[in-house]
Amino acid sequence: MEIHLDPTRTPFNLDHTLSCGQTFRWEKKDAYWTGVVNQTAIKIQQRGTVLQFKASSNKLHKDFLWHYFRLDDDLPKIYSKITKDNHIKAAINQFHGLRLVRQEPWECLTSYICATNKNIPAIKQMILNLCTRFGQPIQFEAEQFYTFPKPHALARTSLHELKLCKLGYRAERVRKTAKLVAQGNFDLEALKTTPYEKAKHELLKLPGVGHKVADCILLFSLDKLEAFPIDVWMKRIITEHYSQHFEPEFITKIRTKHSLSPREYQTIYTFGKKYLGNHLGYAQEYLYHHKRCQTG
């Protein structure tokens, strides 16, 4: 199957989108990106303005991928809103067509609890371990894939089994959160229609969810484009390129800190919202990926 794109109205770059660190279950093999989304194994490649894909289920159609890759976002308009300086302009020029994706909220929540204090290869391995041990197998083109485990599957397992997936101290947080969701005590889907601040307040109640993890979940799975995840990379960007917008004492203080206090985090978020507007989540992903690629 194919999706045809108009590059002037719907710019899109599959490689930038799937390699920028926002999602952890896609791998590129030869020309195709392979992943599991919506309990379906997918292989997709981009040839110019055409997306060619095949899936393990006939139920997965073009409309799903259009929604998943946020091809409904008016990216040219977003560029015009967030291009506030030459640094952002350079990031957009280098990774033009990068889009946020709409991840499944439960998978995104669990993934980012696992992501705490880990690099991307380690996060991918933890999630692969979880899927292999607790997910359902999918046979697709002579390859074995696995669905992401449902909340009840992780809720009823033991800490020992979760730790075998290399989760470490995150195992208890994942298990407790899975129980809350499986028992109906936390409604992730309802947060899609909840205002950003209130939705974040609710997420912060979950085990293992701090400000950065909450903002990742809000941005990557709950349609909150005003979320602005601030990790060590973003802290470096702020101190190196935007220090003039803060008190010198504040920059000096956070420059040497590994993590931010809630008040420091909020100070940076307030600047981001004022400077970048309602699509600051897009700006964050471009700045983050640009910095990571420069350093790497």
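Scanning the stretch 123-148 for residues that are part of a helix (DSSP H, G or I) and on the phi > 0 side of the Ramachandran plot turns up nothing. Only one entry of ALA214, ALA178 meets the criterion of being surrounded by 20 or more Cβ atoms within 10 Å (Cβ to Cβ), under 30 Å from TYR286 (Cα atoms) and outside the structural domain of LYS253 (by TED's automatic domain parsing), and that entry is ALA214.
Taking the stretch 85-103 as the range and being of a type in the set (S, T, N, Q) and surrounded by fewer than 20 Cβ atoms within 10 Å (Cβ to Cβ) as the test, the residues that pass are ASN86, ASN93, GLN94.
Residues that are in contact (Cβ under 8 Å) with a residue 60 or more places away in the chain and among the polar types (S, T, N, Q) within the stretch 43-93 comprise just one, SER56.
Within the stretch 103-117, one or more residues are without any contact (Cβ under 8 Å) to a residue 40 or more places away in the chain and either under 30 Å from VAL232 (Cα atoms) or outside any loop (DSSP other than H, G, I, E, B) (or both).
Could you tell me whether the stretch 189-204 includes any residue that is outside any helix (DSSP H, G or I), crowded, with 20+ Cβ neighbours inside 10 Å and under 19 Å from the mean Cα position of the chain (by Cα)? Among the residues of the stretch 189-204, not one is outside any helix (DSSP H, G or I), crowded, with 20+ Cβ neighbours inside 10 Å and under 19 Å from the mean Cα position of the chain (by Cα), which makes the answer no. Candidates are the residues of the stretch 4-33 that are β-branched (Val, Ile, Thr) and either under 15 Å from the mean Cα position of the chain (by Cα) or surrounded by 20 or more Cβ atoms within 10 Å (Cβ to Cβ) (or both); the one that is nearest to TRP106 (Cα to Cα) is THR23. Screening THR49, THR83 for residues that are in contact with a Pro (Cβ under 7 Å, 6 or more places away or on another chain) and not acidic (Asp, Glu) leaves exactly one candidate, THR49.
Can you tell me how many residues within the stretch 174-200 are over 23 Å from ILE127 (Cα atoms) and among the charged types (D, E, K, R)? Counting residues in the stretch 174-200 that are over 23 Å from ILE127 (Cα atoms) and among the charged types (D, E, K, R) gives 4. Applying the selection to the stretch 149-171, what residues are in a helix (DSSP H, G or I), surrounded by fewer than 17 Cβ atoms within 10 Å (Cβ to Cβ) and among the hydrophobic types (A, V, I, L, M, F, W, C)? Within the stretch 149-171, just LEU159 meets the criteria.
The values are calculated or read from the model by the stated rules, or taken from the named source; none is laboratory data. Just so we're clear, the structure is a prediction, and the values are computed from it rather than from any experiment. Counting neighbours? That spans all protein chains shown, and the Cβs are built from the backbone with ideal geometry, glycine included.
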